[in-house]
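Note sheet for the following structure.
The values are calculated or read from the model by the stated rules, or taken from the named source; none is laboratory data. Every value quoted in this text rests on a predicted model; they were computed, and no experiment measured them. Cβ placement follows ideal geometry from the backbone for every residue including glycine, while neighbour counts extend to all protein chains displayed. The accessibility values were calculated without ligands, DNA or RNA, using every heavy atom of the protein model including side chains. Shrake-Rupley method; radii C 1.70, N 1.55, O 1.52, S 1.80 Å.
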Amino acid sequence: MSKKIFLEKLTLIGFRKNYDVKFKEGLNFISGPMATGKSSIAEMINYVFGSEDHKSYIEIRKSCKDVELDFFIGDSKFKLVRPLFDFTRPVKLYKWDKNKLKYEDDFELLEIDTPSNENSLSAFLLREMGLPNIKVANQSFSFRDILKYSYVKQSDIDSENMLMEESWGSSLKRKPTFEIIFNIYNELLGELKQELKEKKELINNLQKKKEGVYEFLKDIDILEEKDYLVEKNNIKTQLEEKKDKLQAIKSEGKFEDELTMNLEKEIGKYKELIEIKEGEILEKNKYMEKLMLLRNQYSSEIQKIEFILEGAVVLNKYDFEVCPSCLNELEHNNGCNLCGSKLEDLSEEEIKVFKSELRRLKKKLKKIGEQIEYNEILLNDYEVEKRSYNKQLLFLQREIDHLRNNYISPYIEQIEQINYEIGNLNNDLEQLEKNLVIISKFSKISQKILEEEKKHENLKQRMESMEKESLSKDDVMKSLTKLFNDILIKFSFPKLSEAFIKESTYIPFVRGVKYNKLGSGGAVTMTTMAYFLSISLLKTPNKNHPGFLILDSPRKNLGADANDEFKDEEIFNSIIKYFISITHPQVSEDEADNEDKPEIDENIQIILINNGFPDFLPPEDLVKVFDGKGTGNLPYGLIDDIENL
């Protein structure tokens with residue numbers, strides 16, 4: 001089984017403050033009225049994991065600059081940081097240091113690209129999960145392909161083309177991805193063998209690099225880390241001895257100010273430099289915030305114009321029964337399917353004007369992006385200069401402290417000599433610290449070798465497991481269909497019959513027909529949830545599912561309406577109760593004795609996003625609640641200081 005992903009925390013980095021959502025194991029329920037930022041939580045997770053872009057939410061545009069996601073893959077912890085409203089810039093990757101219990105200061109830059117680019121976000125995520133670089137339908141298999149089985153958008157939960165299976169080009173990778181998830185893809189084992197071979201070559205190259213660096217360190221007499229610590233302790237011991245000796249020979253005498261005047265001048269100079277640099281850093285940060293707000297605004301305007309040129313025509317192809325935002329029924333008019341306004345094609349002159357404005361805004365957005373990158377480099381340089389000034393100030397203050405506390409005595413020459421020796425020992429100590437930086441880099445190569453050797457061993461064990469424990473396609477489909485049917489029973493699906501997942505297409509059927517022929521939005525919603533849930537839950541050897549499932553708006557097309565068999569409050573309650581039961585398992589005797597019952601993964605992480613929640617939901621499962629008002633004890637929405645906009 002590949003390593004699972006566990007989502008720990010999503011954070012929007014803001015100009016005024018940060019906004020976060022913490023997740024837990026099992027069920028995570030997010031509730032709130034319309035337009036409070038519920039769906040944007042799921043969309044931001046999707047964006048951090050490599051989506052091409054995100055919607056132009058006005059509250060986020062005016063409040064935030066970056067989005068962070070803390071998560072685990074197996075037992076390794078990571079943090080991804082991606083800029084908002086700047087879709088082409090790379091993602092920052094931070095790795096958790098288990099010894100220091102914090103993220104490493106250094107980060108890697110991962111590009112938003114296909115896995116054929118080894119430095120891409122997708123390649124990194126697949127590697128960490130234990131999946132090789134696979135070609136499917138003559139295209140690189142991507143993390144984005146597998147994520148489609150873990151994130152069901154609000155617009156897809158009742159879609160009659162939920163996996164784009166009706167679109168030939170978009171569905172080419174759908175079936176191979178399904179087979180990779182359940183380890184029934186024929187080429188997977190061969191790809192793993194190739195990955196194992198490449199991993200061995202990488203380890204050999206790293207070993208050679210390590211040996212070369214080690215010889216270099218020996219030649220310039222830089223100690224190993226353990227020797228460095230011994231030497232550091234020796235110098236500290238000598239320093240203490242010198243200080244004790246200095247104290248022992250002190251006697252009465254008058255302090256001479258001229259001995260410290262030059263040092264005081266130098267200290268004053270560096271304090272002034274630090275103050276100036278801190279002012280420059282503050283101003284640069286303020287300027288960066290203005291640039292980021294401007295970037296967000298340009299990005300939003302570009303999206304609006306692109307929608308004017310293309311979006312309205314595409315949107316009106318669909319026949320909406322309910323508003324996709326508030327889910328209220330729409331009156332049908334002869335104009336726009338949503339608002340009823342008269343539809344008129346744009347004139348050629350209007351199209352030219354819009355396209356000209358689009359080009360102008362894209363140029364400005366590009367320049368703003370370049371300015372942000374340039375100023376980030378300057379800001380980093382300012383921080384480096386400030387650290388250098390602080391270091392020099394500390395050294396000078398240490399020197400003047402020695403002079404003031406220990407320098408006056410009839411034995412002036414002895415004291416001068418001891419202070420000189422103390423200064424040399426402090427310099428030696430500083431040099432050791434610099435050497436430690438080089439040693440640390442050498443240690444990182446050693447650590448990288450250990451990590452790659454561990455990955456090599458995991459790949460080897462996985463291959464052996466796949467060869468011994470792999471299930472046939474027939475076995476997988478039989479168990480999956482049984483689980484799919486069982487879930488629909490638990491959901492209280494009306495007049496349920498002939499529910500199965502077709503073996504040749506991996507598409508769900510209910511009442512003997514394909515899901516998009518059921519003729520009811522509620523039926524499609526229930527079928528969609530049962531389908532993705534059965535794929536997530538079914539426990540099989542060497543499964544390659546991310547390990548979490550996000551469902552946005554599970555109540556869509558369900559609820560209370562006497563004229564619709566699917567709009568029954570009890571149906572929605574049954575659905576939520578099933579989610580609670582699988583994340584709070586209490587096995588009954590009947591279930592325990594049922595040998596035909598497919599084995600499910602009880603460690604799945606589920607995120608449900610809905611407008612409201614039933615009163616029987618366990619309080620610990622309610623991870624975020626918004627009230628759309630912000631007047632009580634609950635926040636208005638994800639951006640909880642909206643009154644400051």
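Determine the sum of side-chain charges near LYS502: Lys and Arg each +1, Asp and Glu each -1, restricted to other residues whose C-beta is under 15 angstrom from that of LYS502. Intermediate values should be presented prior to the final figure.
Values: positive: ARG174, LYS175, LYS473, LYS478, LYS482, ARG511, LYS514, LYS517; negative: GLU165, GLU166, GLU179, ASP474, GLU498, GLU503.
So the environment of LYS502 carries a net charge of +2.
Taking only protein heavy atoms and a 1.4 Å probe, what accessible area per residue, in Å², does the stretch 68-107 have with all protein chains in place?
Values: 1950 Å² over 40 residues.
Dividing the accessible area of the stretch 68-107 by its residue count gives 49 Å².
Ranked from highest to lowest mean number of other Cβ atoms within 10 Å per residue, what is the order of the peptides 58-64, 446-452, 526-532?
Working: 58-64: 21.1, 446-452: 14.3, 526-532: 25.6.
Averaged packing, sorted descending, gives the order 526-532, 58-64, 446-452.
Which lysines have a Cα lying under 17 Å from the Cα of LYS386, excluding residues fewer than 8 positions away in the same chain?
Candidates past the 8-residue exclusion: LYS269, LYS271, LYS277, LYS284.
Order these peptides, 111-124, 269-282, by their mean beta-carbon neighbour count within 10 angstrom, highest first.
On the way: 111-124: 18.6, 269-282: 14.4.
Put in order of decreasing packing, that is 111-124, 269-282.
How long are the semi-axes of the ellipsoid equivalent to the stretch 1-160, from square roots of 5 times the Cα gyration tensor eigenvalues, in whole Å, largest first? Working shown, then result.
Working: eigenvalues 115, 84, 56 Å².
Its equivalent ellipsoid spans semi-axes of 24, 21, 17 Å.
Under the 0.36 nm per residue contour assumption, what length would be gained going from the current alpha-carbon distance of SER497 and SER443 to full extension?
Numbers: separation 54, 0.36 × 54 = 19.44 nm, distance 6.19 nm.
Taking SER497 through SER443 to full extension adds about 13.2 nm, to one decimal.
Once each part is reduced to its C-alpha centroid, what is the distance from the stretch 470-532 to the stretch 83-121 in angstrom?
38
Just list whichever of LYS79/LYS232; LYS4/LYS478; LYS17/LYS577; LYS153/LYS577; LYS153/LYS448; LYS22/LYS95 have alpha carbons separated by over 28 Å in the model shown.
Values: LYS79/LYS232 34 Å; LYS4/LYS478 24 Å; LYS17/LYS577 36 Å; LYS153/LYS577 21 Å; LYS153/LYS448 38 Å; LYS22/LYS95 19 Å.
Those over the limit are LYS79/LYS232; LYS17/LYS577; LYS153/LYS448.
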